[in-house]
1. Does residue 97 qualify as being in a loop (DSSP other than H, G, I, E, B) and under 24 Å from the mean Cα position of the chain (by Cα)?
2. Report the residue count in the stretch 45-82 for those that are assigned to a helix (DSSP H, G or I) and either free of Cβ contacts under 8 Å to residues at least 24 places away in the same chain or closer than 10 Å to residue 24 by Cβ (or both).
3. For the stretch 324-352, how many residues meet the condition of being part of a loop (DSSP other than H, G, I, E, B) and in contact with a helix residue (DSSP H, G or I) (Cβ under 8 Å, 6 or more places away or on another chain)?
4. Out of 355, 376, which single residue is touching a helix residue (DSSP H, G or I) at 6+ places or on another chain (Cβ under 9 Å), assigned by TED's automatic domain parsing to the domain that holds residue 411 and modelled with pLDDT of 95 or more?
5. Can you tell me which residue among 166, 180 is modelled with pLDDT under 95, over 30 Å from residue 320 (Cα atoms), under 34 Å from the mean Cα position of the chain (by Cα) and not in a strand (DSSP E or B)?
6. Suppose we filter the stretch 239-254 for residues that are crowded, with 23+ Cβ neighbours inside 10 Å, touching a residue at least 40 places away in the same chain (Cβ under 8 Å) and closer than 21 Å to residue 211 by Cα; how many remain?
7. With 48, 118, 24 as the choices, which residue is at pLDDT below 90 and either touching a strand residue (DSSP E or B) at 6+ places or on another chain (Cβ under 9 Å) or under 19 Å from residue 156 (Cβ atoms) (or both)?
8. Looking at the stretch 305-320, which of the residues that are closer than 20 Å to residue 414 by Cα and free of Cβ contacts under 8 Å to residues at least 40 places away in the same chain is surrounded by the most Cβ atoms within 10 Å (Cβ to Cβ)?
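The values are calculated or read from the model by the stated rules, or taken from the named source; none is laboratory data. This one's a predicted model, so the numbers in the text were calculated from it and none came from an experiment. Cβ placement follows ideal geometry from the backbone for every residue including glycine, while neighbour counts extend to all protein chains displayed.
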């Protein structure tokens, strides 16, 4: 019979996680969390994973939850260990990813009296958490259940703070039966309450009277029904569908490189582009240009469809349909009709023109970040998972087509660089597809503890684009005009070679186009260890080449 902690709070936490089908717990070592470590390790049906660095552990768990779309638990000891979870918690909060953060704590009488490894842990994440369960004050079981259900139903992070007094290492042989009923993830349309048809008709009337409509889709998990619905939308010549690579939908009539389309537009054409209706779906948008444009040339009506949240990104949100986009369209299509318009045709012609200019420039482009992305994104094997870091990487990726079989992800909730590698490793751990992770040098080195991980699969591939440090700040006008560029750009002469040796990754490098093509020819082949390809690009040229690229798109 397994040995469980004698501590009642620890028993309640473990039992409820088992009963409510929390199958994965990512643990960072410690002593104050010993009762929970032993409890989870002995519990039936729970996989326990050990990641030493709490910040990396939290993003690793986030990557798992991103893919399995159900709560993953995190466990740490007391004190500052807990604070290292915060970046991933903020990302989970804004990206609707369910995490159950469990922290061991000192009992109340040992807080703020000079006892070691203590901080004020109660409600420490209150600005970016869906629910905080501070145990030890009564109704503990109810609080634990509420936390688990909140993470599952509302799709976000919750915090369970568990105070333990010594002794910490007392155990007993006990057993408990698993509940028969299971908590299911509510992803089906039948679990949602439909919109009132009479109310929806008012919006359909406006839709049917409008000749210029944009449907803008942000970050979204791959979804076959949404793909079909968006394909139906573009049968209407008055509708323009704008997507990004992280939207995970594709069609020849979708505008999939937003910046490529609107960056060169003059004042007159920007006004022509202004929609009467803007319908937004999905998560956060990468393109800064579309945000700036739609804030300046606001639509008459901005509606958003999402079961949970609507951001007023364009500062003109008029209505939030509190259902999933799939349910919204399944009702809305019965009330709408196609409208005669040349709106879609005009902008698709612009798209085709931009694409021709794009191809001409890339073909003759010298070796640079831009050229590297043109090679990398076509090299990714079909049916792979592609994880992208933030900053320059996600923006360059938006300029290129990606095979529709490839699933694309990025931490866009807070758009931070701090945990991209850890997230990608967590995501790769639970998917069947091969995972390719493309990152910049600063993001990679910043999160280098991600490689201190026993769960990196041999199929995992990392591509580091090393442009000498923070190349995006050369493209943004402000930093370059100042006398402090080095403090924005963080120049360095580091390489990933020694990290790969330390963590047992196969290391490859490329410094020119021929090298790159040679390395890519074998990079995705099976191997006994994960592989990392470091591509060194010209720091002084990348921004000038990118500016020339956008200038070339103009007519």
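1. Values: in a loop (DSSP other than H, G, I, E, B): yes; under 24 Å from the mean Cα position of the chain (by Cα): yes.
Yes; evaluated as a whole, the condition is true for this residue.
2. Applying the first criterion (assigned to a helix (DSSP H, G or I)) to the stretch 45-82 yields 54-68, 79-82.
Adding the requirement that they be either free of Cβ contacts under 8 Å to residues at least 24 places away in the same chain or closer than 10 Å to residue 24 by Cβ (or both) leaves 61, 64-65, 68.
Number of matching residues: 4.
3. Residues flagged as part of a loop (DSSP other than H, G, I, E, B) and in contact with a helix residue (DSSP H, G or I) (Cβ under 8 Å, 6 or more places away or on another chain) within the stretch 324-352 amount to 6.
4. Values: 355 fails: assigned by TED's automatic domain parsing to the domain that holds residue 411.
After applying the criteria, what remains is 376.
5. Details: 166 fails: under 34 Å from the mean Cα position of the chain (by Cα).
Being modelled with pLDDT under 95, over 30 Å from residue 320 (Cα atoms), under 34 Å from the mean Cα position of the chain (by Cα) and not in a strand (DSSP E or B) holds for just one of 166, 180, which is 180.
6. Residues that pass the stated criteria total 3.
7. Details: 48 fails: at pLDDT below 90; 24 fails: at pLDDT below 90.
Selected residue: 118, the only one of 48, 118, 24 that is at pLDDT below 90 and either touching a strand residue (DSSP E or B) at 6+ places or on another chain (Cβ under 9 Å) or under 19 Å from residue 156 (Cβ atoms) (or both).
8. 314
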